[in-house]
Amino acid sequence: MPEPPQPGRNSPDPPLPVDPLEEELVAYLDGELPEEEARLIEQRLANDPDLRRRALLLKKTYDLLDYLPQPVVSENFTTRTLEKIPAWRATATPANAPEAPAHPIVPSTSQPVLMTDTRSASSYFTIRLAPWKISIVLVLCLICGALSGYGLLSWTLSAPYPPPSASQELLLSDHRLIEMLPYYIGVDDLAFLLRLAEPELFGDEPLVENNPSRMGTSEAFELSPPFKFEELVREFQSLPASRQAALREFDRELFALENTEREYLLRILETYTLWLSRLSQDQQREILSAKNSAERLQRIRELREHQWVEALPPEHQKRLRSLSTQDRIETIRRLKRQESNRRETWSFIRRHAEEIAANRIPWPFHDEALRQAVVEFGRQAFQLDEPGKERLTANERQRYLSTLQAAEQTGGSAWFSYGREIYNLSRKYERFLLPPPQGKPVIEYADLGPSARLLEKDRAQSLTAPFRGRWPEFALAVLDYINTLPTHERPKLPPLGPSRLEELPQPLRHVIERELWPKLRPREREALAAWEGKWPEYCRELRKWAGFHDVSLPGIMLPGSPRRWDALYGTRVPEPSGLPASKFPPFAPLLNRK
Amino acid sequence: MPAGQTSNLMALRDPDIRLMLRVRDDDPAAFAELVQRFQHRLLAVLHHVLGDRDEAEDLAQEVFLRVYRHRKRYSPKAKFSTWLFTIANNLALNALRNRKRRPVQRLEISESGTLAHEPQQSIADTHSSTAFPAQRLHREELAVVIRQALDTLNERQRLAIILNKYEDMNYADIAQVMGLTTKAVKSLLSRARAKLRECLQGYIEIEGGNSSESDPEKS
């Protein structure tokens, strides 16, 4: 057991002599060195085992700090803090608490939100929702007007009406909930909101995509509350206990999310509310009266699609009308894809307008060696020179080659187009970017051992035979087929691909050992180890962690810093503050990036 | 770009700033949200700096009250958390100075609390790459050792390390919080890390003893 460190809080400031190399090393480990200096340190690390050891020790001792317990504030910390503020006491004491509902509460009025007084609602929205206050107030009035008495909101009526004393007691956190109440009007729960974030629903809306101010202008931040929200409080209190509980849960979950995620979802929520406010009364009723979340989503989906088709140019509409249902669906899908591509291209150009105008060669193409490495990666990854094995469609191949040719001939910012092309294609075909084994890859039935005969007939053959002779397509097709079988019918197969470090080809293994491994934290190594023996999952996990630690793995990832690729050529970039979670579809390509 | 526009843009990007602007504008719900949003982070930093949980909680409360008292003077020039931790830094350093005048007995280390990231199990139980060598310390014991290692740092080194490690702050932000240059932070952290390495290297395992190569498969 080593001697425990001796406390010496008051030791003089420079207890150790300053070591410039150590300073650089620490800054390198913290990702604080400029690129050039970082490269120098990397070179030294590659050549100096002693320095590597020092770096490893620095990192590991720093990782140890993770074992220090993180304290949690005592239970009533927030309340105790707030109670020290006179203004807060004034709003929270019973004497100043929101008044009880002036109107009698009857079960039939338990809509999500009922605005009985449009004047006060209007003043509320002047503060928070200035740009579209009229629409919101309108939707509230419309919904109230349209639905009171209909008893259509079965989703809020399902629970027995609670005794008033139970539902009227407001919790501290209800302040925010009440403030947000108008936004929550047509939302069932967080899962419902996540579905609204799908590109076909609201995820592709410019308001969400381009991330302007949540409120349309910055005005909302300059205005000074204090607003009255007694009316909203009353409406909230008039909801059945089950709906109140659901709203609290929704609000809690929403605000427990990371900032980036929450901000993204709030934009979705706003877009949805705005959209809802612009619908006709009948359409609003149709959506809000749906029996459950799934039905509501379905109605929203149908309406969105209908609106989208109606917004197409007349000639497209005419053509669509002439098609059979199946062709119509296909055509709509294609048109939507085109629209989304155009939007992404435009957003990309806007982000790089300055460099493009100055005809600057972008990273990584300004570096001759890196440029060659990228082009070579494209050639191999997409199997451009292997007739019969090409991965790209004819259109993709043509576009890829023409952007490359244009970049090579004209240079300058033409490399932007090529960079974006190869970035997008490498994302699209990422499934196939897997390292081959050290020995012979599985590309024929004969490579599958005794199980081969099971795969050489009927359906198995039709699904796998087209990929014979191709790595890793054949192995993936075999795996895909096997996975469709019930567990007890699955034949035993030899390893289909490398699924341990020692099975990887040497250049790749070398980079992993030298560059990636030192950056992995103990629990990340564990997570990776859990995939050992599983192909292709192990390789995909490797790629995930490499991306996370900004290491490019040769042969299976674009050469050069993955983060720089994402930052420069990614089309949907989240706000700089955080890492989006896996449940947000538009961020899916960036999931594993820090 | 006019200053007003810059601050607007910054506010739009940073939800914390937006929240603080609502606090500035006397939105009562906003302050409650702000406290809830930052209380655990603030407490963690203050606890690690002071080493005393009750004192840290009192101080965290004081930080929030100062934020509230100075809300009208708030202008979104930097990240909100930088502003918050600048206040925390000043109060923590004052508290440490006062403590030197009136020494107090430090208390807990292994109190119950969630671990930052690690599973709720004894380190000794793990047989993985995170397992420790012969020492096989229990995590409470390890926490004591780490606490003592942090105590060997001087106040500024400790604060810099804590902001860097637990708040994931970059050097520029730490510099702003502590009123130093980025270069000074760089050397502060370098000394602190070297000292931590000196104190803690006996508690970690580098594969192959003095060998320079690490074998990822075994580490």
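The values are calculated or read from the model by the stated rules, or taken from the named source; none is laboratory data. Just so you know, these numbers come straight off a predicted model, no measurement behind them. Here the Cβ is made from the backbone with ideal geometry for all residues, glycine too, and neighbour counts use every protein chain on show.
Laid out as a table, the results:
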quantity: Cβ-Cβ under 7 Å pairs, at least 6 apart or on other chains, the stretch A:297-316 side over 17 Å from residue A:338 (Cα atoms), far side small (Gly, Ala, Ser) and surrounded by 15 or more Cβ atoms within 10 Å (Cβ to Cβ); calculated: A:299/A:290
quantity: Matching entry among A:535, A:531 (being away from chain B (no Cβ under 13 Å), in a loop (DSSP other than H, G, I, E, B), touching a Lys or Arg at 6+ places or on another chain (Cβ under 9 Å) and at pLDDT 85 or above); calculated: A:531
quantity: The one condition in (1) out of contact with any helix residue (DSSP H, G or I) (no Cβ under 8 Å at 6 or more places or on another chain); (2) not in a helix (DSSP H, G or I) that residue A:362 fails to fulfil; calculated: (1)
quantity: Test: residue in the stretch B:103-126 that is more than 8 Å from every other protein chain (Cβ to nearest Cβ), exposed (fewer than 15 other Cβ atoms within 10 Å of the Cβ) and modelled with pLDDT of 50 or more; calculated: yes
quantity: Identity of the residue in the stretch A:245-264, farther than 12 Å from residue A:189 by Cα and in contact with a Phe, Trp or Tyr (Cβ under 8 Å, 6 or more places away or on another chain), that ends up surrounded by the fewest Cβ atoms within 10 Å (Cβ to Cβ); calculated: A:262
quantity: Residues being within 7 Å of chain A (Cβ to nearest Cβ) and either buried (at least 24 other Cβ atoms within 10 Å of the Cβ) or among the basic types (Lys, Arg) (or both) - total across the stretch B:61-71; calculated: 1
quantity: Residues located in the stretch A:73-94, provided they are of a type outside the set (Lys, Arg), at pLDDT below 65, part of a helix (DSSP H, G or I) and more than 16 Å from residue B:67 (Cβ to Cβ); calculated: A:90, A:91, A:92, A:94
quantity: Condition broken by residue A:370, with the remaining ones in (1) over 20 Å from residue A:560 (Cα atoms); (2) in contact (Cβ under 8 Å) with a residue 60 or more places away in the chain; (3) aliphatic (A, V, I, L, M) satisfied; calculated: (1)
quantity: Filter result (free of Cβ contacts under 8 Å to residues at least 12 places away in the same chain and among the acidic types (Asp, Glu)) within the stretch A:517-536; calculated: A:526
quantity: Cross-chain or 6+ apart pairs with Cβ under 8 Å, the stretch A:70-81 first and more than 7 Å from chain B (Cβ to nearest Cβ), then in a loop (DSSP other than H, G, I, E, B); calculated: A:79/A:172
quantity: Sole exception among (1) at pLDDT 85 or above; (2) within 30 Å of residue A:565 (Cβ to Cβ) for residue A:344, by number; calculated: (1)
quantity: Complete set of residues in the stretch A:312-359 that are among the aliphatic types (A, V, I, L, M) and assigned to a helix (DSSP H, G or I); calculated: A:320, A:329, A:332, A:335, A:349, A:353, A:356, A:357
quantity: Filtered residue count, the stretch A:270-311, keeping only those that are in a helix (DSSP H, G or I), of a type in the set (Gly, Ala, Ser) and surrounded by fewer than 19 Cβ atoms within 10 Å (Cβ to Cβ); calculated: 2
quantity: Test: residue A:375 is among the β-branched types (Val, Ile, Thr) and closer than 30 Å to residue A:435 by Cβ; calculated: yes
quantity: Members of the stretch B:20-45 found to be in contact with a helix residue (DSSP H, G or I) (Cβ under 6 Å, 6 or more places away or on another chain), more than 19 Å from residue A:85 (Cα to Cα) and more than 9 Å from chain A (Cβ to nearest Cβ), listed by number; calculated: B:45
quantity: Listing of helices (runs of 4 or more DSSP H) fully contained in the stretch A:425-516 that carry 3 or more residues being touching a residue at least 12 places away in the same chain (Cβ under 8 Å) and farther than 30 Å from residue A:41 by Cα; calculated: A:458-464, A:473-484
quantity: Test for residue A:56: is it buried (at least 19 other Cβ atoms within 10 Å of the Cβ) and in contact with a Pro (Cβ under 7 Å, 6 or more places away or on another chain); calculated: yes
quantity: Flag for residue A:392 being closer than 24 Å to residue A:539 by Cβ and part of a loop (DSSP other than H, G, I, E, B); calculated: yes
quantity: Answer from A:372, A:383 - the residue that is surrounded by fewer than 17 Cβ atoms within 10 Å (Cβ to Cβ) and closer than 22 Å to residue A:427 by Cβ; calculated: A:372
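Matching residues to (1) touching a Leu at 6+ places or on another chain (Cβ under 7 Å); (2) more than 8 Å from every other protein chain (Cβ to nearest Cβ); (3) within 24 Å of residue B:40 (Cβ to Cβ); (4) at pLDDT below 50:
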site: B:130; (1), (2), (3), (4): no, no, no, yes
site: B:151; (1), (2), (3), (4): no, no, yes, no
site: B:165; (1), (2), (3), (4): yes, no, yes, no
site: B:187; (1), (2), (3), (4): no, no, no, no
site: B:206; (1), (2), (3), (4): yes, no, no, no
site: B:212; (1), (2), (3), (4): no, no, no, yes
site: B:216; (1), (2), (3), (4): yes, no, no, yes
